[in-house]
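Okay, structure first, notes after.
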Amino acid sequence: MSATEDAASGRSVRPGGTALCLPGYASPVERLTDTLGRPVRDLRVSVTDRCNFRCVYCMPKEVFGRDYLFLPRAELLTFEEIERLARAFAGLGVEKIRITGGEPLVRRDVETLVAMLARIDGLDLTLTTNGALLAAKAQALKDAGLSRVTVSLDSLDDQIFRAMNDVDFPVTRVLEGIDAALAARLEPVKVNVVVKRGLNEDGILPMARHFRGTGIVLRFIEYMDVGHTNGWRLDDVVPAAEIVAAIDAELPLEPVEPAYRGEVANRWRYRDGSGEIGVISSVTQPFCGDCTRARLSADGKVYTCLFAVQGHDLRALLRGGADDAEVTASIADIWRARADRYSELRSAATADLPKVEMSYIGG
Ligand SMILES: C[S@@+](CC[C@H](N)C(=O)[O-])C[C@H]1O[C@@H](n2cnc3c(N)ncnc32)[C@H](O)[C@@H]1O
Ligand code: SF4
């Protein structure tokens, strides 16, 4: 069943009205919203907390070294458990699922999970990857039913890129992955660039020049204070407005209207028609008011905010024998109680609060 946009509220509605029939509820219930009136529309599923990169802003080597204790296999949700939860979320209004991690392509047979999720009606199914294994996997992912892919690539300068991924991984291999995604028609391919002051900001324009006119959508992301291991400082953030101004000075831009309520990126297009870029300004222009995202960690905890300290354990529920109605009712209760708006409350003081790591919760 596909959903359409309600012009007045900007929320999506299913054909036939706003009421949803949920397992566990005797009669149709009003569309599920949280305490701030936000529906649940997107689910990010982390399939592993492991990664073959050690990006300095995400999994610094000093913390994620040889002795780091990653989740043991038995603690990871199985593909069947992920599918059950995904179906429950879809029943509550989720229309888009992003598979992420850690690095999702290091989870063995991830394309099998893609095939299982692709069977859920009306879902936009996508995946975020560092691209290292994408050249080998792109066609299999497409064949399994993946709609499109986002590749993270922080610099085209090989030396800077190797320093940022901190495992000496060459930029050419990621570019090969992007080419493979294009060849497999995992489109539109998006490329995420996290900008950190003094590290890769000189690469903003070369990136824009390189990807303009290719159909690939570049998205620049403000460096965020996720987790507590990356030593984040506000001074390290290059504001989105500065990124747009730098590009606009050479390649004139104009704003594009958001495609739907809650779209994460502010979109801009080149005035000469050669494509578009996005900027994700969660630090300088927080968008909590429109946040419709839930996150599922690899061990089955649901987090209602990227900056949450605690998740809600759905794996215990599944492994304790709960039926589908109970699982759905439990997720609905969690969402209904949601009040998070961390980015709007962010300050120098909140930077030091304990938070879960991005590699665990999924970006
Ligand atoms: C956590 S990664 C997981 C998927 C995959 N490993 C990848 O890198 O694309 C998802 C996204 O989060 C971004 N990210 C990680 N740490 C970040 C931070 N501190 N601030 C902003 N974005 C971050 C990454 O660059 C990536 O685009
Ligand atoms: S951003 Fe992605 S590739 Fe980089 S360390 Fe984090 S999970 Fe790995």
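Nothing in this text is a laboratory measurement; each read-out follows from the coordinates by a stated rule. Every value quoted in this text rests on a predicted model; they were computed, and no experiment measured them. So basically every Cβ, Gly included, is an ideal-geometry build from the backbone, and we count neighbours across all protein chains shown.
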Chain lengthening between Arg185 and Arg66 when straightened (0.36 nm per residue, less Cα-Cα): 39.1 nm
Taking H as built 1.01 Å from N, whose amide H comes closer than 5 Å to the amide H of Arg44, not counting residues under 5 places away? Arg98, Ala294, Arg295, Leu296
Given the pairs Lys61/Lys96; Lys137/Lys190; Lys61/Lys142; Lys196/Lys301, which span a C-alpha to C-alpha distance of over 28 angstrom in this model? Lys61/Lys96; Lys61/Lys142; Lys196/Lys301
Counting only other residues whose beta carbon sits under 9 Å from that of Cys55, what net charge do I get with K and R as +1, D and E as -1? -1
Could you go through the range 243-258 in sequence order and give the Karplus-derived ³J(HN,Hα) for each residue, using 6.51 cos²θ - 1.76 cosθ + 1.60 with θ = phi - 60°, rounded to whole Hz, and x for Gly and Pro? 5, 4, 5, 5, 6, 4, 4, 9, 10, x, 10, 9, x, 10, 4, x
For the range 260-337: rounded, prolate or oblate by the Cα gyration tensor [a/c cutoff 1.5]: prolate
Mind giving me the nanometre distance, one decimal, between the label points for Thr172 and Asp323, set 7 Å out from Cα along Cα→Cβ? 5.9 nm
For the range 120-147 and the range 263-302, compute the distance between their C-alpha centroids and round to whole Å. 20 Å
For every other residue with a beta carbon closer than 11 angstrom to the beta carbon of Gly278, add +1 if it is Lys or Arg and -1 if Asp or Glu, then tell me the sum. +2
Integer Hz, Karplus 6.51/-1.76/1.60 couplings in order for the range 275-280, x for Gly and Pro: x, 9, 10, x, 10, 10
Karplus ³J(HN,Hα) for the range 74-86 (6.51 cos²θ - 1.76 cosθ + 1.60, θ = phi - 60°; Hz, whole; x = Gly/Pro) runs 5, 8, 6, 4, 6, 4, 5, 5, 4, 4, 4, 5, 4
